[in-house]
1. Considering only segment A:115-157, state which residues are in contact with a Leu (Cβ under 7 Å, 6 or more places away or on another chain), among the basic types (Lys, Arg) and under 22 Å from residue A:204 (Cα atoms).
2. So, residue B:220, is that one out of contact with any His (no Cβ under 6 Å at 6 or more places or on another chain) and over 20 Å from residue B:205 (Cα atoms) or not?
3. Please specify each residue of segment B:112-164 satisfying the condition of being among the hydrophobic types (A, V, I, L, M, F, W, C) and within 26 Å of residue B:290 (Cα to Cα).
4. Examine segment B:238-248 for a residue that is at pLDDT 95 or above and more than 21 Å from the chain's Cα centre (by Cα), and state whether such a residue exists.
5. Could you pull out every one of the strands (runs of 3 or more DSSP E) wholly within segment B:38-127 that has 3 or more residues that are modelled with pLDDT of 90 or more?
6. Looking at residue A:71, is it under 19 Å from residue A:248 (Cα atoms) and modelled with pLDDT of 95 or more?
Amino acid sequence: MLRKIGGALLFGLGGFLIGNMWFQPVTGGLPRAADGHPDLSGVWQVLNSAHFDIEPHSARAAMAMRPGPVIPVPAKEVLKLGAVGSVPGSPGVVDGGKIPYREEALKIRDENRANYLDRDPEIKCFLPGVPRATYMPYPFQIFQGDKQILFAYEYSGAARNIFLKDPGPPPDDSWMGQSVGHWEGDTLVVDVTGLNDQTWLDRSGNFHSNKLHVIERYTMTAPNVIQYQATLEDPEIYTRPWTMSMTLYRRLGADAQLMQFKCVEFVEELRFGHLRKKPLK
Amino acid sequence: MKFHLLIFFTTVLASVFVSMGVRLSDEYVPPKTSFGDPDLQGIWTNRSLTQLERNSSARGPTLTRKEEDMILARLKANHNTDTDFYELRATDARGVKELEIHGYDGIYGDQGYRFARIGGRIRAQWLTDPIEGMVPYNKKTLQFFKKRQYERLYSFDNPEDIWPSERCIIGFGSTSGPPMLNVLYNNFYQIVQSPGYVAILVEMNHDVRIIRLGGKHLPPEMRPWMGDSIGWWEGNTLVVETTNFNPAQGIAATKGQPVYVSPNSKVTEWFTRISNREIDYKFRVEDPEAYRQPWSAQMRFLAHPGPLYEYACQEGNLDVELILAGARYKERQNKGAGHVQRDSISLKSQVPPRLQSKSESD
């Protein structure tokens, strides 16, 4: 009798354990969501300086330059920043090195550079658009829900909803566009349309039109690493589609959290200081 | 052996049901996310004619159907003549009547079509304590609030004098709060959950409230907009505690529902999904230095198909520039003849009498 009860209890325990295991996430290797896809949830950030200039470039004195007696020098407005305002070098993140601009578009890019302080939307704390939001020098957080994925960027609190069911064409252009995601194996592919023409790709005047179509690929290759690729197609501006590639790193440790960077109020003196009742001298 | 197998499969089945959270009672049990947290996810709206404080036409915390119908009829009549949005000013020095547009076309309004029903009663106010339906500011706080409301109508010396919502820092009213209050439009929220976090995307001003489950507050000298939120689960209820408010936020106000949440307040929110289509939302605001007592309220969020749209405020904002430029222009015209008046009757009518004058005695 005792043996029968003991045996039953053992089987019961085994059954209980198995039944519970059905609803635990599959572990080992990459963190995975219940549906088996890699779980991209977490705080991520790039470790490169693509936000300055996505093309290969040497270090330079400042983002805004002017002609000097011998070589170009920092513009007057940024002179006092000294080395703090300098731009680090980078082998670039554009596959093939250079962005394949149309001739007229390249002229505009160069004009953007020459008029940097007037034109970069980041200076006015405007939304960064896609893909610039990914490699801003601030982290972002992915919330991978069962039916929706949300990206929250520290820079200006920008946010992107990744629809997992296609809602149809975007009703209008917007700064962050409309993102529709689907999985190809372990890669999250995000198709972005409906971007307006107001954002740049970096702090070096690289830009696009509102015909831009971006396809992003997020491939988790290790628990704390995502390989990111973005293919840009814009027949008005580029002669062909082109791709950028970089690595996203998971922020770890007690300080791995998004801080608030609501830069709107930081630029009020710049934009409206002259309209104060008593403007500063 | 058969007996053992029976016990085995029965236990498997029972444990499956237990881990799925199936109860034997009738009470609604919210679904769980794939990682086991109660599921609050989806798109929700709190739009309603019910506001935080008691509706001026109500005689108690609730309304009868007849009272609601009367209020709706009056609102409908007013909406047709657009008196909310247009104001005919007195003639100017050239004898020309100026039609001044204050806000927006009626097309933007999306404040809901009825008052909220909670527990079978039509609510004239969200406040549950004090039941009299007025936020229990203490004398000092009310004085400060009145002063700031007055300044809001008359002071345009600096961008910092303008409402945070018009500066495009946060949304109007207390739409993101916390507490999250319904306003004139954009009353949409999207909740997305991942392990250890609940994220609430507030449509206006594309703000994501990131609630760190089991997190610790920032040091007291750090004062982000919308404060700092940590949370935890109590059964199926998400409890969120927010402190560290930015001192400039509390003065945000909107048409019909000015509310001052003091910077040292502790705001506690309780989110419970009570059906597939409804979240019960309760909150309490505590600051013994600012209020005569803690105050509490209850609201409902209803499921909505959405989607949420981008609210790119900063990118298209002409408010700050034109308000300041306009004030400077008027000053040049007046050449020091008293301070510039933002506007007249219509804006004042949006501010309850108790908050209108600078002095404490009103």
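The values are calculated or read from the model by the stated rules, or taken from the named source; none is laboratory data. Note that the structure is a prediction, hence the values are computed from the model and not measured. In this analysis, Cβ positions are derived from the backbone assuming ideal geometry, glycine residues included, and neighbour counts consider all displayed protein chains.
1. Result: A:132, single match.
2. Values: out of contact with any His (no Cβ under 6 Å at 6 or more places or on another chain): yes; over 20 Å from residue B:205 (Cα atoms): yes.
Considered against the rule, which asks whether it is out of contact with any His (no Cβ under 6 Å at 6 or more places or on another chain) and over 20 Å from residue B:205 (Cα atoms), residue B:220 comes out as yes.
3. Residues of segment B:112-164 among the hydrophobic types (A, V, I, L, M, F, W, C): B:115-116, B:118, B:122, B:124, B:126-127, B:131, B:134-135, B:142, B:144-145, B:153, B:156, B:162-163.
B:124, B:126, B:127, B:131, B:134, B:135, B:142, B:144, B:145, B:153, B:162, B:163 - these are the residues of segment B:112-164 that are among the hydrophobic types (A, V, I, L, M, F, W, C) and within 26 Å of residue B:290 (Cα to Cα).
4. No, segment B:238-248 has no match at all.
5. Working: elements: B:42-45, B:86-91, B:97-101, B:121-123.
Of the strands (runs of 3 or more DSSP E) lying wholly inside segment B:38-127, those with at least 3 residues that are modelled with pLDDT of 90 or more span B:42-45, B:121-123.
6. Values: under 19 Å from residue A:248 (Cα atoms): no; modelled with pLDDT of 95 or more: yes.
Against the criterion (under 19 Å from residue A:248 (Cα atoms) and modelled with pLDDT of 95 or more), residue A:71 does not qualify.
Conditions tested, residue by residue: (1) surrounded by fewer than 21 Cβ atoms within 10 Å (Cβ to Cβ); (2) more than 14 Å from every other protein chain (Cβ to nearest Cβ); (3) touching a residue at least 40 places away in the same chain (Cβ under 8 Å); (4) small (Gly, Ala, Ser).
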{"position": "B:123", "(1), (2), (3), (4)": "no, yes, yes, no"}
{"position": "B:130", "(1), (2), (3), (4)": "yes, yes, yes, no"}
{"position": "B:151", "(1), (2), (3), (4)": "yes, no, no, no"}
{"position": "B:173", "(1), (2), (3), (4)": "no, yes, yes, yes"}
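Conditions (1) more than 14 Å from every other protein chain (Cβ to nearest Cβ); (2) under 19 Å from residue A:179 (Cα atoms); (3) at pLDDT 95 or above; (4) in contact with an Asp or Glu (Cβ under 7 Å, 6 or more places away or on another chain), marked per residue:
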| residue | (1), (2), (3), (4) |
| --- | --- |
| A:219 | yes, yes, yes, yes |
| A:236 | yes, no, yes, no |
| A:255 | no, no, no, no |
| A:267 | no, no, yes, no |
| A:270 | no, no, yes, no |
